[in-house]
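S.K.: Here it is: the structure, laid out below.
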Amino acid sequence: MLTAEQNALLTRTGPGTPGGALMRRYWQPVALSEELDDPRPVKAVRLLGQDLVLFRDEAGRLGLVDRHCCHRGADLAFGRLENGGLRCPFHGWLYDVTGACLEQPAEPEGSDLHTRVRQPAYPCLERNGMVFAWLGEGEPQPLPDLDCFAAPEAYSFAWKGWWECNWLQALEVGVDPAHASFLHRFFEDEGDRYGQQFRDRTGDLAQTAVFRDFDRPEIHVETTGYGLRLTTLRDLGDGRRHVRVTNQVFPHGIVIPISATMNITQWHVPIDDENCTWYTLFTDYAAPVDKDRMRADRIGSCTLPDYRSIHGRADDWGYDPAEQRLRTYTGMGEDINFHDQWAVESPGPVHDRTKENLGTTDAGIMAYRRLLRRALKAAEAGGPVPFEGGTADDAPRAIDTIGPAAEWRTVWRKDEAARRARSPWAAAPADAPDTPVAGEAAE
């Protein structure tokens, strides 16, 4: 249970807040690359309570600028993309991807006013179908040392969704391993569904059976250089344990397994204090991802161009009591994103944590809140914060496996290393990406 003041401290990320200052020390996903696959690649975005415009110029460079023109505040989301930048239709001021004002056509001939004004702009880079932005001060850090960035583009797939809730309650469902046995419970087991979580097998058992039949997990949480490692054990009753290793990657990411060969890295990015976007990079260790199939399986669950869910509070998140009685635990379909959406949206836009009562299985949530409070305090004092440089002594490896009960601490590392050794790209360390600058060209 938190006080109202503590809850506000942990959840608010707008300009001028302690949480906002902390988040701005990290790269933030801001869009999918596909959102700029348009004859006019200009998109209004809102990130950490800031209104911005993302664009790609004629040379393929990415730009991210404040939404309102520094001349007299007109909306640059309606700008003209031309002559190497984004032009405000009000008076024709033209800005490049760095925010430099290139032209002020209504000013007197020979005027140098354009050299003395800049549109606030922010560095961007693009990796594996996702655009990232740096809203902080100073030179950007390199992207974190994560498999999702080391993987070749062919082995990756990017997707996103909009949830009507604060970012923290979205993240907390990802550090709550116990909920899978209930929220994502299916009464019947099916074969593998490509790219779908909990629809694979671990050894000789269907994952749906593991979570349904062994619903009292033992959860171990470790603090690491990148955030938290959660090891969830389910005793199978035959001398073996199911071991599931998931991770919290600071500040708002998770790395979790979804199949024998595929992991996801997911960020829970504040739009503002009452809305967030989850961004997911799927990473396959064994084979190139079937991107067309992955997109086709997901496009029907959202509306474009905003990637909002087709279900929500207005239709009770698609709830069907007959389905709940016969087929699924929630009655909200077989797409687990709808389950999670209900779980994080139904408490309200900002969950009132003064009324909650946490239990033993909330160990990951309690550990993350402690980590976040320490980071906020360190940031306010001007000190180092977790995973700021993007490297750590250990890496956020994620896997589901089964092994002898007494060997749970080592069996997952052995099996994860074996999967990595078989991988066409993960067997050898990948070169770290270069530190990006504003206006980096698209890959």
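S.K.: Identify, from the list His220, His242, the residue that is under 19 Å from Arg369 (Cβ atoms) and either aromatic (Phe, Trp, Tyr) or in contact with a Ser or Thr (Cβ under 8 Å, 6 or more places away or on another chain) (or both).
M.R.: His220
S.K.: Something else about it: Residues in the stretch 326-336: is at least one basic (Lys, Arg), touching a residue at least 12 places away in the same chain (Cβ under 8 Å) and within 22 Å of Glu5 (Cα to Cα)?
M.R.: no
S.K.: Ok, one more. Looking at (1) surrounded by fewer than 22 Cβ atoms within 10 Å (Cβ to Cβ); (2) within 26 Å of Leu376 (Cα to Cα), find the lone condition where Gln248 falls short.
M.R.: (1)
S.K.: Restrict the check to the stretch 199-215 and report whether at least one residue is surrounded by fewer than 22 Cβ atoms within 10 Å (Cβ to Cβ), assigned to a loop (DSSP other than H, G, I, E, B) and either touching a Pro at 6+ places or on another chain (Cβ under 8 Å) or not charged (D, E, K, R) (or both).
M.R.: Yes, that holds for at least one residue.
S.K.: Let me ask something additional. Within the stretch 95-117, is there a residue that is under 22 Å from Gly49 (Cα atoms), of a type in the set (Asp, Glu) and in the same structural domain as Ala44 (by TED's automatic domain parsing)?
M.R.: No: the stretch 95-117 contains no residue that is under 22 Å from Gly49 (Cα atoms), of a type in the set (Asp, Glu) and in the same structural domain as Ala44 (by TED's automatic domain parsing).
S.K.: From the list Gln169, Gln141, Gln197, which one is assigned by TED's automatic domain parsing to the domain that holds Ile402 and modelled with pLDDT under 95?
M.R.: Sole residue among the options that is assigned by TED's automatic domain parsing to the domain that holds Ile402 and modelled with pLDDT under 95: Gln197.
S.K.: Yes or no: Trp342 in contact (Cβ under 8 Å) with a residue 24 or more places away in the chain, assigned by TED's automatic domain parsing to the domain that holds Phe198, in a helix (DSSP H, G or I) and closer than 22 Å to Phe182 by Cβ?
M.R.: For Trp342, the condition - in contact (Cβ under 8 Å) with a residue 24 or more places away in the chain, assigned by TED's automatic domain parsing to the domain that holds Phe198, in a helix (DSSP H, G or I) and closer than 22 Å to Phe182 by Cβ - is met.
The rows are residues; the columns are (1) surrounded by 14 or more Cβ atoms within 10 Å (Cβ to Cβ); (2) closer than 30 Å to Pro144 by Cα; (3) of a type outside the set (Val, Ile, Thr); (4) modelled with pLDDT under 95.
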{"position": "Phe282", "(1), (2), (3), (4)": "yes, yes, yes, no"}
{"position": "Lys291", "(1), (2), (3), (4)": "yes, yes, yes, no"}
{"position": "Arg308", "(1), (2), (3), (4)": "yes, yes, yes, no"}
{"position": "Tyr319", "(1), (2), (3), (4)": "yes, no, yes, no"}
{"position": "Arg325", "(1), (2), (3), (4)": "no, no, yes, yes"}
{"position": "Met332", "(1), (2), (3), (4)": "yes, no, yes, no"}
{"position": "Val344", "(1), (2), (3), (4)": "yes, yes, no, no"}
{"position": "Val350", "(1), (2), (3), (4)": "yes, yes, no, no"}
{"position": "Ala367", "(1), (2), (3), (4)": "yes, yes, yes, no"}
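S.K.: So which residues in the stretch 172-198 are without any contact (Cβ under 8 Å) to a residue 40 or more places away in the chain and over 26 Å from Thr360 (Cα atoms), if there are any at all?
M.R.: Asp189, Glu190, Gly191, Arg193
S.K.: With the requirement that a residue be charged (D, E, K, R) and either surrounded by 23 or more Cβ atoms within 10 Å (Cβ to Cβ) or at pLDDT below 95 (or both), what does the stretch 146-160 give you?
M.R.: Passing the criteria: only Asp147.
S.K.: Moving to a separate point now. Considering the stretch 240-269 alone, what residues qualify as being assigned to a strand (DSSP E or B) and in contact with a Pro (Cβ under 7 Å, 6 or more places away or on another chain)?
M.R.: Across the stretch 240-269, the qualifying residues are Arg240, Arg244, Thr246, Asn247, Val249, Val255, Asn263, Trp267, Val269.
S.K.: Could you grab me the full set of residues in the stretch 15-44 that are outside any helix (DSSP H, G or I), of a type outside the set (D, E, K, R), under 22 Å from Gly138 (Cα atoms) and under 18 Å from the mean Cα position of the chain (by Cα)?
M.R.: Those that are outside any helix (DSSP H, G or I), of a type outside the set (D, E, K, R), under 22 Å from Gly138 (Cα atoms) and under 18 Å from the mean Cα position of the chain (by Cα): Tyr26, Trp27, Gln28, Pro29, Val30.
S.K.: Within the stretch 180-194, can one find any residue that is closer than 21 Å to Ala31 by Cβ and not in a loop (DSSP other than H, G, I, E, B)?
M.R.: no
S.K.: Tell me, yes or no, whether the stretch 295-311 has at least one residue that is farther than 27 Å from Leu168 by Cβ and in contact (Cβ under 8 Å) with a residue 24 or more places away in the chain.
M.R.: Taking every residue of the stretch 295-311 in turn, at least one turns out to be farther than 27 Å from Leu168 by Cβ and in contact (Cβ under 8 Å) with a residue 24 or more places away in the chain.
S.K.: Here's another thing I want to ask about it. With respect to the numbered conditions (1) part of a strand (DSSP E or B); (2) in contact with a Leu (Cβ under 9 Å, 6 or more places away or on another chain); (3) not aliphatic (A, V, I, L, M), which one is the sole condition not fulfilled by Arg234?
M.R.: That leaves (2) as the condition not met.
S.K.: Identify, please: which residue in the stretch 213-258 is under 27 Å from Cys276 (Cα atoms) and of a type in the set (Phe, Trp, Tyr) and is, among those, nearest to the chain's Cα centre (by Cα)?
M.R.: Among those that are under 27 Å from Cys276 (Cα atoms) and of a type in the set (Phe, Trp, Tyr), it is Phe250.
S.K.: Go through the stretch 290-308 and report how many residues are part of a loop (DSSP other than H, G, I, E, B) and aliphatic (A, V, I, L, M).
M.R.: 1
The values are calculated or read from the model by the stated rules, or taken from the named source; none is laboratory data. All values reported here derive from a predicted model rather than from experimental measurement. Neighbour counts run over all protein chains shown; Cβ positions are idealised from the backbone, glycine included.
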